[in-house]
Each structure stands twice: as C-alpha cells, then as structure tokens.
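The values are calculated or read from the model by the stated rules, or taken from the named source; none is laboratory data. All values derive from a computational prediction rather than experimental measurement. Here the Cβ positions follow ideal geometry from the backbone for every residue, glycine too, while neighbour counts run over all protein chains shown.
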Amino acid sequence: MSRKPIDDLTGFDVGPDFERFSQRDDIFCRALWDESVKSRRSKEFFGGYFMPRARSRRSEGFSQRDYALRNASWHVTNVLRDSHRQETGRKEGFFDYFTAHEAGWPEPYAFDSPEQATRDLEKVARFAGADLFGVCAGDERWMYRELFDDRMGTGKPAEVPGDLPHVIVIGESMDLDLTRTVPSALSGSATGMGYSNDSVTLLTLAQYIRNLGYRAYASMNDTALAVPLAVQAGLGEAGRHSLLITREFGPRLRLGKVFTDLPLVNSRPQQFGVNRFCDICDRCVTACPPKAIAAGAPSNHRHNRSNLKGVSKWTTNAETCFKFWVNQNSDCSICIRVCPYNRDYRRWANRLWRWLAGTRLRRLALWLDDRLVDRRRQKASWWWDRP
C-alpha cells in the first residue's frame, strides 16, 4: 500500500513505511479525547459556534455582529450535521457520511458511455453550486483506517463500501474579501459558508446519482483525506501550507467528496508550477503567528500523531496551529490570506501572474506579488462598510 502509478502524475512521495491515517488522530478529534490537546478553552472554542456561547468581545473583528454572521454561515451545515446525532450519535459531514437521502431508483440508467455520464455529472454538479469538479479512482491509502466516535472517544469501523471505483471531488470557493480580514471571527464566515454550500451541493449530487440507480455516498470531512483525492482528481496541487492550491481560486476553497459506482472517466492530475513556486516562497511560514508551517524542503518528518506517516511533504504542526485557533476563539486562515496564489483570476493580470509563477521567472512573480499586492489584514469594519 505504498507507491502507485498515479503518484508519477501527482508528485506524491509515498514511502514503504506509509500507514493509513486514523480519523481519531485528527487534531479536531483529539481535542475531544486527548488530554494533551483537550482543554477548557478548546471546549469553549467548539461551543462558540452556537451564538449564546460565542464570547464576543470589543476586539476588532470579534464583535457580536461578526460572530452573528460567522455562526449564521455555519447554520445549514450544523443542522445537517446534527440531524441524526441524538438518536444515532452520527455527526454527518464531519465524522460520518451524509444519510439525508431518498432510496433513489432500483435499476441503473444506461448511459451511452462513461464520457457521457461524466459530462452530465459535471453539469449537474455545477448547477448544484460546485465551483470545481473532478473525478479520480478510489484510493484506499487516503481512506481513514477507522472513523471517530465522539460519544466514546474511540475509533469505529469505516462505513463507506470499499468496492466503489470512483471518487467525485468538488470545490466550493470562499469569499475573497472576507479572507482579507483574517484573523477574525468575521473571516470565519467565509469558511462556514463554504461548508454550508458544500453540504447542499454534495447532497444534491449524491441524490441525483442515486436517482439514476447507482450507489453514492456524500462525504465532507469524514471518510477520507480530501487534499490527496482532490490532487488526483485534477483540482490542483498541494502547497507548502498543506492546503490545495487551484488555478481558479488558489487555496481559497472547501472540498467535498462523493464515492460512487457510476461508471465515469477519471480526470488527469494537473501541475502548473505550485511545487517549485512553494520551494522559493515562505510567505505562509513567516506570516503564521505560532510558526506551525514547515520551512525548508519537503520531508517525512511528523510533528505529532496528527500528521501522516510515510509521506514526504510539507507538513503543518496541527497541535500548534489548533492552539492558536483556540486562543483567538475562531478559525484562522492567515496562510490563505498571504498566499500569493490567493487572487481573483477573473482578472487577466492575475492570470498572467499565475502563468509567470509557473515558469523559471517565478522569483519575479514572487517579487511582483510583494510589491503590488497588499496582503495585510483588513479590519472587519472595512468589510462591513464596503458598498
């Protein structure tokens, strides 16, 4: 279960000591059971996503108005997440796949070809709100070897069948202007709305596939690691900050997955120079307040149990990162704000910059970003007062 031919296209460096990741070791899960991470403040952090416990304050970007929008943006995802939690303990979209589906059709629809099915599916995905769409083969390496049961604080068996040949990966962009106010409670609205849009799109797409007579399991943060599958599905490349970087939105994206047996054509992984650009760029490293992002070359070093074993890559220290989140009482994405790829690519000048960053003139591209783009934090009032 180490190296595969697809790795030649993605650039993944998977070694013989590779081990599948347990969701129980994810830092957000560890905050619920691991005494070295779990604390009173982490409990308050999670509780703050419900308005009576938001702990608003007078600091810029952390007022009641800011938390009101952040928590409202999460509302749809929270409702779906907890729809069966009281009866079954399922935390859908985070620890378990979504189950809010009808039975669908008993017999499969006969497409003329996998190509036709893929074209139809992408059209439906974009109609349902997906900004990006790709397909890859199922890869057991990125499936969690066990899920997390937050009632017991233990692992539990994976639920998605292992015989599904395809994974559909979708991307939902996050608001560019809101990310300019990071770190703030207000900026968390971009994250929350990304998740809420993701939930609706995933449920719609999976139900469409079920209505065609095929199996489909809608998954967000549960079941499998999203970034490796997104890279294999051709959505982008992995950056120094461990996030996916795409041509269309840079790292400003939320990801979702649908596991299915619908016959499809796999997308081809794309490389447009991100790896070599990140080699010379350290903007996320220097901007990260807790210094959680790795400097230097990719390596197989693990900071702690919340990191993958047996993959040589840039690895973020999840414990240090999460502690900063807890201390500021909201999620942080400073690394997204300062990333040179974080741009509005509807503008021709930014598309030209992206091309330049993928060439041997990448140092010039980095210099231009430093000189021409203001990546300083904007006040929340800047966003609220914009026309």
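One residue stands out in region 38-55 among those that are more than 18 Å from Thr320 (Cα to Cα) and assigned to a loop (DSSP other than H, G, I, E, B): the one that is nearest to the chain's Cα centre (by Cα), namely Tyr49.
The condition of being of a type outside the set (A, V, I, L, M, F, W, C) and farther than 29 Å from Val14 by Cα does not hold for Asp282.
Count of region 12-48 residues, restricted to those that are of a type outside the set (Val, Ile, Thr), surrounded by 14 or more Cβ atoms within 10 Å (Cβ to Cβ) and more than 22 Å from Met152 (Cα to Cα), is 4. For region 60-100, give me each residue that is of a type in the set (Lys, Arg) and touching a Phe, Trp or Tyr at 6+ places or on another chain (Cβ under 7 Å). Arg81 - this is the single residue of region 60-100 that is of a type in the set (Lys, Arg) and touching a Phe, Trp or Tyr at 6+ places or on another chain (Cβ under 7 Å). Any residue that is among the β-branched types (Val, Ile, Thr) and closer than 30 Å to Pro16 by Cα - is there at least one of those in region 350-372? Within region 350-372, none of the residues are among the β-branched types (Val, Ile, Thr) and closer than 30 Å to Pro16 by Cα. Sub-8 Å Cβ pairs linking a first residue in region 1-25 that is farther than 26 Å from Asp150 by Cα to a second residue that is among the aromatic types (Phe, Trp, Tyr), at least 6 apart or interchain, are Met1/Phe18; Ser2/Phe18; Ile6/Phe12, ordered by first then second residue.
On the basis of being charged (D, E, K, R), buried (at least 16 other Cβ atoms within 10 Å of the Cβ), closer than 30 Å to Gly236 by Cβ and in contact with an Asp or Glu (Cβ under 7 Å, 6 or more places away or on another chain), does Asp139 make the cut? No: the conditions fail for Asp139.
Those helices (runs of 4 or more DSSP H) of region 215-315 in which at least 1 residues are under 14 Å from Trp142 (Cβ atoms) and not charged (D, E, K, R), considering only elements entirely within it, cover 226-232. Within region 332-348, the residues that satisfy the criterion of being of a type outside the set (Val, Ile, Thr) and buried (at least 19 other Cβ atoms within 10 Å of the Cβ) are Cys332, Ser333, Cys335, Arg337, Cys339, Pro340, Tyr341, Asn342, Arg343. Taking residues in region 245-260 that are under 13 Å from Ala357 (Cβ atoms), and partners anywhere that are at pLDDT 95 or above and basic (Lys, Arg), the pairs with Cβ atoms closer than 7 Å and at least 6 places apart or on different chains are Arg247/Arg354; Gly250/Arg343. The set of residues in region 242-280 being farther than 22 Å from Ala294 by Cβ, crowded, with 24+ Cβ neighbours inside 10 Å and among the β-branched types (Val, Ile, Thr) consists of Val258, Thr260. Criterion applied to Arg24, Arg58, Arg65 was being charged (D, E, K, R) and assigned to a loop (DSSP other than H, G, I, E, B), and the one residue passing it is Arg58.
Residues that are touching a Phe, Trp or Tyr at 6+ places or on another chain (Cβ under 9 Å) and either buried (at least 16 other Cβ atoms within 10 Å of the Cβ) or in contact (Cβ under 8 Å) with a residue 12 or more places away in the chain (or both) were ranked within region 121-136; the one that is nearest to Leu164 (Cα to Cα) is Leu121.
Determine whether Gln232 is surrounded by fewer than 24 Cβ atoms within 10 Å (Cβ to Cβ) and farther than 26 Å from Val326 by Cβ. Criteria not met by Gln232.
Number of residues in region 208-227 that are under 22 Å from the mean Cα position of the chain (by Cα) and either over 29 Å from Ala238 (Cα atoms) or among the charged types (D, E, K, R) (or both) equals 1.
For region 180-206, the set of residues classified as of a type in the set (S, T, N, Q) and either surrounded by 24 or more Cβ atoms within 10 Å (Cβ to Cβ) or within 14 Å of the chain's Cα centre (by Cα) (or both) consists of Thr181, Ser184, Ser187, Ser189, Thr191, Ser196, Asn197, Ser199, Thr201, listed by residue number. Screening region 285-303 for residues that are farther than 22 Å from Gly15 by Cβ and not β-branched (Val, Ile, Thr) and picking the one that is surrounded by the most Cβ atoms within 10 Å (Cβ to Cβ) gives Ala292. Right, Val338: touching a Lys or Arg at 6+ places or on another chain (Cβ under 6 Å), within 29 Å of Gly188 (Cβ to Cβ) and in contact (Cβ under 8 Å) with a residue 12 or more places away in the chain or not? Against the criterion (touching a Lys or Arg at 6+ places or on another chain (Cβ under 6 Å), within 29 Å of Gly188 (Cβ to Cβ) and in contact (Cβ under 8 Å) with a residue 12 or more places away in the chain), Val338 qualifies.
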